[in-house]
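First comes the structure, then the notes that go with it.
The values are calculated or read from the model by the stated rules, or taken from the named source; none is laboratory data. This structure is a prediction, so every number in the text was calculated from the model and none was measured. Glycine gets a Cβ as well: all are built from the backbone with ideal geometry, and neighbour counts include every protein chain shown. With ligands, DNA and RNA removed, areas are computed over all heavy atoms of the protein, side chains included. Shrake-Rupley method; radii C 1.70, N 1.55, O 1.52, S 1.80 Å.
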Amino acid sequence: MQHYLPLEKYGLIGNLHTVALVSKYGSLDYLPFPRFDAPTLFARLLDYKKGGFWSIQPEAKEFRSRQQYIPDTAILQTRFFTQDGMAELLDFMPPKEQENSGVIVRMVKVVKGQMSFKMDFKPEFDYARAPHSVTRQNSQTFLIQSEGQDQTQIRFLASKPCTVQKGDIKGVWTLAKNETVCFVLEGQSVREAEHPKDLMAYFEDTLRQTFLFWHDWVAKSTYQGYWREMVMRSAITLKLLTSRTYGSTVAAATFSLPEAIGGLRNWDYRFTWIRDAAFTIYAFLRLGYMDEARKFCLWVMDRCQEMPQPSDLQLMYAVDGSTDVHESTLDHLEGYFQSGPVRIGNKASQQFQLDIYGELIDTIYLYNKYGGPITYSFWKALCSLVDFVADNWQRPDHGIWEVRSEKQDFTYSKIMAWVALDRGIRIAQSRSFPAPLDKWIRERDTVYEEVYEKHWSEEKQAFVQYRGATTLDAAVLLMPLVRMISPVDPKWLSTLKAIEEELMAGSLVYRYNLTDGAQDGLSGDEGTFSMCSFWYAENLSKAGQHHKARLQFETMLGYANHLGLYSEQIGKQGEQLGNFPQAFTHLALISAAYQLNRQINGEKKNGYRDLFV
């Protein structure tokens, strides 16, 4: 198990169709290809023996390494240090229009002294289930083809001669100062006439194009406040998880990374959750990225037109909007740190989760207000969703945490039902759209009274996980953030205090107590949820506890890895747990930073001074 690296040792690169994880030791250990939710080409992250990898690192037994992004880009730079020299490895994926034309570009260069390098290219197609063949086109170009059902084909190019050993491509070189080796991995749709002849010229050209793409994209942001570097790193991460083809956003880059080492909570997050995508688009809107919001709304419109009934809205979809996300296990893979089973697909897609209507309609409300007016034809589809919530908000569901046991009247689900009705009313009134407003207003107010009176526990002096429960749930931290309750309402301040006492460990927030709350049917522990920790910081700021909020936020920044990336959870020893990097954590960071920045600027305008400035 020592062959597995901590998740915090990895960086993310991508081309807006798929992503790869590159370790700080020069190994590319994860790549679904050619799309986020496609089978993997490299998956050593999930089985160090069978998964496949692409490693470029010094031959020396001992070396040091450092890793960083070129600022405001997704270009990853790894530096190697040995007794004899210093070298730099650049890794990036040029943004492409077509997913099948995906390219990975790698270049290693010695900048001081000399250094010997070894390169191992070990592909394992179809989640390491399909054998492959290698055809040498010349000493530096190789065609690799899967012999599985998909017949995936890739081309590997190097600027120095390589050898083939048992289906793997290898190379060893000693480089002096300023000497380089370039590598390109091309997708199957690249025509023979298109593949580069001069790899160094190709590297320089694609590096320049990739650099300009990311700099131009970052320059479109309207955010110029505090913590801009971390905010924009989170924004770039969200962009990397967003499909250029479809406008949809995946919940995380990876699948089946455990929420606790050795545990069973290993889920596939490479799909478009309505909830996660809606919040991601909210983050993009706050930063001024209207194009991303528009494309997601178009994706949503397509889903609405495809649904026979409003009840057919799924919790999650494949990246292309298809509904088949069947869950199965890959029993031949041992899992990260032997944490099986390794799952692909996600059977939670068929659950009824009431809250997704609220998140979706809230996002469309914000887009209609700040991004551009929605059409009347889209409004008619949206109107049916709001009407469905008006008729069905009383139904129990599986909740935001996707419990696989019995349904409950989850408080968070009722909160988001209120949001769905409230935002539907607001859109109709602002645009003078026809709608059954009397009915919606009546049901909205009834939901409010239901939550405020019946989801409150006198014993706990807090809003609880579900009606009649005695368990707290950090999901209710969204209650003031969606403006359902005043952040200084006595009941809310009492709830915030109860969460601090029962669900927090320092600055870290657990989602709920697994032994007392709704059950997901699995044994074992889990870490704290980083998005909840950022929600807590935002709540403190809205409640006027500004200094405490800033301390909470900046403490959470310290839990990022060396590149500013977060997984879903933080473990008991400060380690990253769960799928990595996760969109929800990064969008919660953006939301908290946005709120805190407004608070700081507001104090300055009013003549107050923040003690932490």
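A quick yes/no check of all residues on (1) more than 20 Å from Asp387 (Cα to Cα); (2) in contact with a Phe, Trp or Tyr (Cβ under 8 Å, 6 or more places away or on another chain); (3) in a loop (DSSP other than H, G, I, E, B):
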residue	(1), (2), (3)
Val300	no, no, no
Arg303	no, yes, no
Ser311	no, yes, no
Val319	yes, yes, yes
His326	yes, no, yes
Glu334	yes, no, yes
Phe337	yes, yes, no
Pro341	yes, no, yes
Thr363	no, yes, no
Close pairs from segment 454-469: first on the phi > 0 side of the Ramachandran plot, partner in a strand (DSSP E or B), Cβ under 9 Å, at least 6 apart: Gly468/Gln408; Gly468/Ser457
Of the conditions (1) in contact (Cβ under 8 Å) with a residue 24 or more places away in the chain; (2) within 26 Å of Leu360 (Cβ to Cβ), Val342 fails just one. Which one is it? (2)
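Results for (1) open to solvent by 10 Å² or more (accessible area, probe 1.4 Å); (2) in a loop (DSSP other than H, G, I, E, B); (3) in contact with a Pro (Cβ under 8 Å, 6 or more places away or on another chain), shown as yes or no for each residue.
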residue: Ala201; (1), (2), (3): yes, no, no
residue: Leu207; (1), (2), (3): yes, no, no
residue: Phe211; (1), (2), (3): yes, no, no
residue: Val218; (1), (2), (3): no, no, no
residue: Gly225; (1), (2), (3): yes, yes, no
residue: Met232; (1), (2), (3): no, no, no
residue: Thr237; (1), (2), (3): no, no, yes
residue: Arg244; (1), (2), (3): yes, yes, yes
If you check Val181 against the conditions, is it open to solvent by less than 10 Å² (accessible area, probe 1.4 Å) and either closer than 30 Å to Gln151 by Cα or touching a residue at least 12 places away in the same chain (Cβ under 8 Å) (or both)? yes
Kindly indicate whether Arg64 is crowded, with 23+ Cβ neighbours inside 10 Å and in contact with a strand residue (DSSP E or B) (Cβ under 9 Å, 6 or more places away or on another chain). no
Which one of these is assigned to a loop (DSSP other than H, G, I, E, B) and either free of Cβ contacts under 8 Å to residues at least 60 places away in the same chain or open to solvent by less than 30 Å² (accessible area, probe 1.4 Å) (or both): Leu264, Leu257? Leu257
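Conditions (1) surrounded by fewer than 21 Cβ atoms within 10 Å (Cβ to Cβ); (2) in contact with a helix residue (DSSP H, G or I) (Cβ under 9 Å, 6 or more places away or on another chain); (3) not in a strand (DSSP E or B), marked per residue:
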residue	(1), (2), (3)
Ala60	yes, no, yes
Pro71	yes, yes, yes
Gln77	yes, no, no
Lys96	yes, no, yes
Ile104	no, no, no
Lys109	yes, no, no
Phe121	no, no, no
Asp126	yes, no, yes
Counting only residues that are outside any loop (DSSP other than H, G, I, E, B) and small (Gly, Ala, Ser), which one in segment 23-55 is surrounded by the fewest Cβ atoms within 10 Å (Cβ to Cβ)? Ser55
Being of a type in the set (Phe, Trp, Tyr), out of contact with any helix residue (DSSP H, G or I) (no Cβ under 6 Å at 6 or more places or on another chain) and either under 16 Å from Thr254 (Cβ atoms) or open to solvent by less than 10 Å² (accessible area, probe 1.4 Å) (or both) is the filter here; which residues of segment 316-367 pass it? Tyr317, Tyr336, Phe337
Mind checking whether some residue in segment 521-536 is over 15 Å from the mean Cα position of the chain (by Cα), modelled with pLDDT of 95 or more and aliphatic (A, V, I, L, M)? no
